[in-house]
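Engineer: Before I ask anything, let me first share the structure, which is written out below as structure tokens.
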Amino acid sequence: MQFSTLAHTFSLDLPAWLEDELAPVPEALPTREERVALVNRLADRNWREGNGGPFAAIIVERESGRIVSVGVNVVLSNDISLGHAEVTAIGMAQQALGTWDLGGEGLPEHELVVNWRPCVQCYGATMWSGITSLVLAGQGPELEELTTFDEGPMIATWAEDFEARGIRVAVDVAKPEAIEVFEQYRAAIDGGSITVYNARSAA
Ligand SMILES: [Zn+2]
């Protein structure tokens, strides 16, 4: 076996349209509502652009709201199943700060803001990232019902488990707006115009 014949690295690339989308956004988003409104908007544009599913995430400094990183679901555009919004945002923040631990010494507290509750992959990724605050536009069965994505066997105590590890959880900050994004996506599925890349369902 020659190592040189195998891949040596992989990366997740964000789409260029984020430049336009972020241009009018201030450097800091002081309120939770502003942070969530941004991820809902990016989630909506992301599936329309064909990068992946209707998901977006940002990492901000919890107090000031300074935007540290942005992530959208790039599974389709990168051909990597790991490319969920949370993983992308976490990786970009760690790359920007040059650390694997967003909760490391000397750093301000970091908050991950997502348009829906993490899947099983992102549950772990979020737990190990060093963030101390998780804010979700929504959570509940609507995501799987509307989009048909499989979120995996999430445990019922996920929120308590985050809290037990020092990660504060706020849910349902803008649930109707988050659901609206999924409804639009669903209409596109029913119209046959998009690929749900989804992993095999347990069903
Ligand atoms: Zn995920």
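The values are calculated or read from the model by the stated rules, or taken from the named source; none is laboratory data. Remember, predicted model here, so these are calculated numbers, not experimental data. Here the Cβ is made from the backbone with ideal geometry for all residues, glycine too, and neighbour counts use every protein chain on show.
Engineer: Cβ-Cβ under 6 Å, sequence separation 6+ or interchain: first residue in the stretch 113-140 and within 13 Å of the ligand (Cβ to nearest atom), partner hydroxyl-bearing (Ser, Thr, Tyr) and at pLDDT 95 or above. Which pairs?
Structural biologist: What qualifies is 118/126.
Engineer: Which of the residues spanning the stretch 61-72 are of a type outside the set (S, T, N, Q) and either in a loop (DSSP other than H, G, I, E, B) or under 13 Å from the mean Cα position of the chain (by Cα) (or both)?
Structural biologist: If the condition is that a residue be of a type outside the set (S, T, N, Q) and either in a loop (DSSP other than H, G, I, E, B) or under 13 Å from the mean Cα position of the chain (by Cα) (or both), then 62, 63, 65, 70, 71, 72 are the ones that fit.
Engineer: State all residues of the stretch 72-107 that are over 21 Å from residue 133 (Cα atoms) and among the aliphatic types (A, V, I, L, M); if no residue qualifies, say none.
Structural biologist: 74, 75, 76, 80, 82
Engineer: So which pairs qualify, if the first residue must be in the stretch 153-170 and closer than 12 Å to residue 132 by Cα, the second must be exposed (fewer than 12 other Cβ atoms within 10 Å of the Cβ) and at pLDDT 95 or above, the Cβ gap must be under 9 Å, and the two must be at least 6 apart or on different chains?
Structural biologist: Filtered contacts from the stretch 153-170: 164/157; 169/160.
Engineer: Out of (1) under 16 Å from the mean Cα position of the chain (by Cα); (2) farther than 24 Å from residue 195 by Cβ, the odd one out for residue 96 is which?
Structural biologist: Of the numbered conditions (1) under 16 Å from the mean Cα position of the chain (by Cα); (2) farther than 24 Å from residue 195 by Cβ, the odd one out for residue 96 is (1).
Engineer: Right, next: Pick out the one residue from 145, 105 that is exposed (fewer than 13 other Cβ atoms within 10 Å of the Cβ) and either farther than 28 Å from residue 31 by Cα or touching a helix residue (DSSP H, G or I) at 6+ places or on another chain (Cβ under 6 Å) (or both).
Structural biologist: Only one candidate passes the filter, namely 145.
Engineer: Just to be sure, is residue 12 within 16 Å of the ligand (Cβ to nearest atom), out of contact with any Cys (no Cβ under 7 Å at 6 or more places or on another chain) and more than 20 Å from residue 178 (Cα to Cα)?
Structural biologist: When the stated conditions are applied, residue 12 passes them.
Engineer: Another question, then. How about the stretch 73-92: which of its residues are outside any helix (DSSP H, G or I) and either more than 10 Å from the ligand (Cβ to nearest atom) or surrounded by fewer than 19 Cβ atoms within 10 Å (Cβ to Cβ) (or both)?
Structural biologist: 74, 79, 80, 81, 82
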